[in-house]
Amino acid sequence: PSPKSCQPHGASKETLQCEIEELKQKDLALDQEIAQLLSEGYSLEELEQHISLLHEYNDIKDAGQMLLGKLAVIRGVTTKQLYPEYDLELSD
């Protein structure tokens, strides 16, 4: 996301107009990105499925990280020290 170019978050007419314009620009950029993906052969259903699978993966990964954290506390070590024991890469 691009940095906000609108100044103070007051409710002035100028600020609201600026925020509306930024949202229109973001909407246009997203429409262009979707059109590009569609032209590359992706379907909306495929993209939605991919996003759904990424959410599921992240939920499972978060649960695993939580369990590793609790195990690390019980053992009195850092989570990082448990990675080799479970054949995990630090990037996992």
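The values are calculated or read from the model by the stated rules, or taken from the named source; none is laboratory data. Model, not experiment: these values are computed from the prediction. A quick note on method: Cβ atoms are made from the backbone with ideal geometry, for glycine too, and the neighbour counts reach across all protein chains shown. Surface accessibility is based on the protein's heavy atoms, side chains included, excluding ligands, DNA and RNA. Shrake-Rupley method; radii C 1.70, N 1.55, O 1.52, S 1.80 Å.
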Angle, helix 13-39 long axis vs. longest principal axis of the chain, Cα atoms, 0 to 90°, nearest 10? 70
Straight-distance crosslink candidates among aspartates and glutamates, where the alpha carbon sits under 13 Å from residue 80 and sequence neighbours closer than 8 are dropped: 89, 92
Would you tell me the accessible area of residue 51, worked out with a 1.4 angstrom probe on the heavy atoms of the protein chains, in Å² to the nearest 10? 90
Two decimals is fine: what's Rg over Rh for the chain, C-alpha atoms, Kirkwood radius as Rh? 1.22
What whole-number value in Å² describes the accessible area per residue of the chain for a 1.4 Å probe? 86
Please determine, in degrees from 0 to 90 and to the nearest 10, the orientation of helix 44-75 with respect to the longest principal axis defined by the Cα atoms of the chain, where the helix direction is its Cα long axis. 40
Return the aspartates and glutamates within reach of residue 26: Cα separation strictly under 15 angstrom, same-chain partners fewer than 8 residues apart disregarded; answer none if there are no such residues. none
According to a simple spin-label model (label point 7 Å from Cα along Cα-to-Cβ), what is the distance in nm between residue 15 and residue 78? 4.3
What's the magnitude of the charge dipole for the chain around its Cα centre, counting Lys and Arg as +1 and Asp and Glu as -1 at the beta-carbon? Answer in Debye, nearest 20. 620
Round to the nearest 0.05 the FRET efficiency obtained for residue 34 and residue 67 when R0 = 41 Å and r is the Cβ-Cβ distance. 0.65
In 5 Å bins starting at zero, report the fraction of Cα pairs in region 43-91 per bin as a rounded %. 5, 19, 20, 18, 11, 9, 8, 6, 3, 1
If I compute solvent accessible area with a 1.4 Å probe over the protein chains, what percent of it on region 44-92 is carbon and sulfur? 59
